[in-house]
1. Go through segment 343-380 and give me each residue that's at pLDDT 85 or above and farther than 25 Å from Pro327 by Cβ.
2. With the structure loaded, tell me whether Gly334 is under 30 Å from the mean Cα position of the chain (by Cα) and modelled with pLDDT of 90 or more or whether it fails that test.
3. Which strands (runs of 3 or more DSSP E) does segment 260-348 wholly contain that include 2 or more residues that are within 25 Å of Lys403 (Cα to Cα)?
4. Would it be correct to say that Arg363 is closer than 26 Å to Gly247 by Cα and part of a loop (DSSP other than H, G, I, E, B)?
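The values are calculated or read from the model by the stated rules, or taken from the named source; none is laboratory data. Not measured: the values here are computed from a predicted model. No Cβ is skipped: glycine too gets one built from the backbone with ideal geometry, and neighbour counts run over all protein chains shown.
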Amino acid sequence: MSCAVVGNRPFVMLRYTLILATAYLLLVERSFALPNPIVLMLIALALLSNVLIAQLPVHVTNQGSFSAALIIGDTLWITTALLTSHQFEADFFYLYFFVLLLAAIGQSLHVIALTAVVVCAAYLYVLTVNGTVLSLWHSPSLIRLPFLFTTAAFYGYLIDRSRRDQRQAREQAFADLERLVAQRTSDLTATNQELAAFAYSVSHDLRAPLRAIDAFSQALLEDYGSALDGQGQDYLRRIRNNAARMGQLIDDLLKLSRLTRAEIHCEPIDLSAVAQSIASDLQRTTPSRVATFDIEPGVMANGDPRLVRVLLENLLGNAWKYTSRHPTAHIEFGRAYTEGELAYYVRDDGAGFDPTYADKLFRPFQRLHTTDEFEGAGVGLATVQRVVRRHSGRIWADAVPEKGATFYFTLGTSAEETERATARLASAA
């Protein structure tokens, strides 16, 4: 009976079988006379003890002395019941064999050896009490004693080999896992270095040709503009506009790359204050617009302040952009609980989008509206998704064309953690 499995279902069920087998042999099979009260009491106490064992905490059942005490206790009460009932027969040897099986469940070689010695001594004692010495040594019952020891040794061998094999398998699995982790770490480091080299190349090698294209196009317009007709001048303006757009795409790509490699420094954040600051900046860019912001006060989170601000700048900036073609606009920021999870949202009543193409929203350079309708490179929502993932969160959206869109996101923290962040921020203030 292993210290680690005392009270578990297999052990408890086998011990119930031992108790019921003893009760059957002593109370039913041999005689229908009134049972001995002592025997009844012993069986009742054994049943009660098994119920209690199933409820014991692990720190009690994990003690080595507990296993030895239970083995000796089972042997003693069975032996006492056999002697009290005066119904002992050699076949009752199998009750002691049940005790040995109980020890074997535990996969403990020491407990099995102890059990073999105890039950053999008890069986020999009962044989001696119920017969003469001469009849004892001439009895075939003695054949069962080496059987008990042989069985115990066999169990011990199997269990010891099983434990050794399991230990070797665990050690091999850990070694394989460490090797795999080291390989993956090496691959990831190499990939990050390649990304850094690519970012450097984009930052320096691609910008120079773009600057040259833009500069020479501008020189053509300024120095030879009079020699070109309207169509030629339009071609040059298109060249300059596309060079500028390419430069913006490079900038956005670099920002996206930096977000992936930036370290996270989480702390309590007042999202309401951040959203209000961004909203004020947006209103100052186009003061003539009739747009209202409804920002829920006291919305707190735990995250990286710099990255979370980038996230809200993109979501609120998108809401501001995609409501620009409506005469009035209403933009909301707040929080909601979805399936027990705290989520934050940005909602607008602008252009919306077709939910059929929602899977394209967060892909870099994928747009659901043309540049003629709304400017942009299609990197904003990809940036938002990267920030959310860096915080172990998720993001999703609901929308109806020309009725607005709502973007929900989580930051990987539970409601309780957010409340604790709120309390820390309040105490710091």
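1. Ala343, Tyr344
2. Judged against the criteria, Gly334 is a match.
3. Because the criterion is at least 2 residues that are within 25 Å of Lys403 (Cα to Cα), the strands (runs of 3 or more DSSP E) in segment 260-348 that meet it are 290-295, 328-338, 341-348.
4. yes
Yes/no per residue for (1) in contact (Cβ under 8 Å) with a residue 12 or more places away in the chain; (2) more than 30 Å from Gly393 (Cβ to Cβ); (3) among the charged types (D, E, K, R):
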| position | (1), (2), (3) |
| --- | --- |
| Gln231 | no, yes, no |
| Leu249 | yes, no, no |
| Leu254 | yes, no, no |
| His265 | yes, no, no |
| Gln276 | yes, no, no |
| Arg289 | yes, yes, yes |
| Leu316 | yes, no, no |
| Trp320 | yes, no, no |
